[in-house]
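What follows is one structure encoded as structure tokens, with my remarks underneath.
The values are calculated or read from the model by the stated rules, or taken from the named source; none is laboratory data. A quick note: this is a predicted structure, and the numbers were derived from the prediction, not measured. Ideal geometry is used to build each Cβ from the backbone, glycine not excepted, and the neighbour counts take in all protein chains shown.
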């Protein structure tokens, strides 16, 4: 599968999906007015990956901000990743949040409670 | 005062707007809403917040609420009443200020009278819930509800409410037989 590489903008995140390495990253801000437009190709891509995933998949989510429109799309992303774990394959979601950003930690915990895939909450110290 | 339905037919937009400019106003706007306006407001406020001696957590909370408040307007606004069209077809009012220890975000927009009841009920319901219940409702909608035809997730109001521990304050001012003016006040 061809990798997805999208550069971030003030309203959309940097995306780096590499099927060869089983490493997926979403990083930055996700606050577009129309998030479906942005996430639909990603969700479709993950759907394909989930039908034949590597033994180990690592997902890094490092968001500074996301809006409620994105929150549903991000859940769709996770639901595709949930499919990966159903075939006895290993998957881990690393949810990064900045030190002191309780809201972002809580957002990660919300997803964790909805989904059946392991989440690792990782605090990033202030630079 | 939690809510107020003003039934007199003499809402004066300019007067109301001026009366809302309290404290240190970081940004105020009256006019059309568009994605580029939202981007501009967000950039400006992010810069302004950057200059403040404030906990990162609070700055991020203000920014998040700002995004939701503006995008709520963008997704749900009704067109402007005919005689006010000179103001812009998708007219909104937006003010963010710092007053004492707290930040205040005010948005205003015209709304068809027949939609007032639904919106009022929705806000009242959210206000009635505790912070924990707001969180639970957020998760329920996140997981169960489809996108609305307007592209919103149906989560804007509840997302704002769960980030503050107080109530969402609002006013509906009757404008004419067809329209009301809806003002939302969020204290952070």
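Just so you know, in region A:90-122 the residues that are within 13 Å of chain B (Cβ to nearest Cβ) and in a strand (DSSP E or B) include one that is nearest to residue A:22 (Cα to Cα), and it is A:97.
Among A:27, A:72, A:48, which is the only one that is within 14 Å of the chain's Cα centre (by Cα), touching a residue at least 12 places away in the same chain (Cβ under 8 Å) and in a helix (DSSP H, G or I)?
Of the residues listed, the single one that is within 14 Å of the chain's Cα centre (by Cα), touching a residue at least 12 places away in the same chain (Cβ under 8 Å) and in a helix (DSSP H, G or I) is A:72.
Between A:6, A:61, the distinction of being crowded, with 20+ Cβ neighbours inside 10 Å and in contact with a strand residue (DSSP E or B) (Cβ under 9 Å, 6 or more places away or on another chain) belongs to A:61 only.
Inside region A:32-45, residues that are within 10 Å of chain B (Cβ to nearest Cβ) and either assigned to a strand (DSSP E or B) or in contact with a strand residue (DSSP E or B) (Cβ under 9 Å, 6 or more places away or on another chain) (or both) make up a count of 1.
Surrounded by fewer than 20 Cβ atoms within 10 Å (Cβ to Cβ), out of contact with any helix residue (DSSP H, G or I) (no Cβ under 6 Å at 6 or more places or on another chain) and under 27 Å from residue B:64 (Cα atoms): does that describe residue A:86? No; evaluated as a whole, the condition is false for this residue. Kindly check whether there is at least one residue in region A:10-31 that is surrounded by fewer than 16 Cβ atoms within 10 Å (Cβ to Cβ), farther than 19 Å from residue A:111 by Cα and within 14 Å of another protein chain (Cβ to nearest Cβ). Within region A:10-31, one or more residues are surrounded by fewer than 16 Cβ atoms within 10 Å (Cβ to Cβ), farther than 19 Å from residue A:111 by Cα and within 14 Å of another protein chain (Cβ to nearest Cβ). Screening residue B:54 on (1) in a helix (DSSP H, G or I); (2) surrounded by fewer than 18 Cβ atoms within 10 Å (Cβ to Cβ); (3) without any contact (Cβ under 8 Å) to a residue 12 or more places away in the chain shows it passes everything except condition (1). Are any of the residues in region A:53-67 assigned to a helix (DSSP H, G or I), without any contact (Cβ under 8 Å) to a residue 60 or more places away in the chain, under 16 Å from the mean Cα position of the chain (by Cα) and facing chain B (nearest Cβ under 10 Å)? Scanning region A:53-67, I find no residue that is assigned to a helix (DSSP H, G or I), without any contact (Cβ under 8 Å) to a residue 60 or more places away in the chain, under 16 Å from the mean Cα position of the chain (by Cα) and facing chain B (nearest Cβ under 10 Å), so the answer is no.
Residues that are surrounded by fewer than 16 Cβ atoms within 10 Å (Cβ to Cβ) and not in a helix (DSSP H, G or I) within region B:73-126 comprise B:79, B:88, B:89, B:99, B:100, B:101, B:102, B:112, listed in sequence order.
Here is a yes/no grid of residues against (1) out of contact with any helix residue (DSSP H, G or I) (no Cβ under 8 Å at 6 or more places or on another chain); (2) at pLDDT 90 or above:
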| residue | (1), (2) |
| --- | --- |
| B:64 | no, yes |
| B:71 | no, yes |
| B:83 | yes, no |
| B:92 | no, yes |
| B:96 | no, yes |
| B:104 | yes, yes |
| B:107 | no, yes |
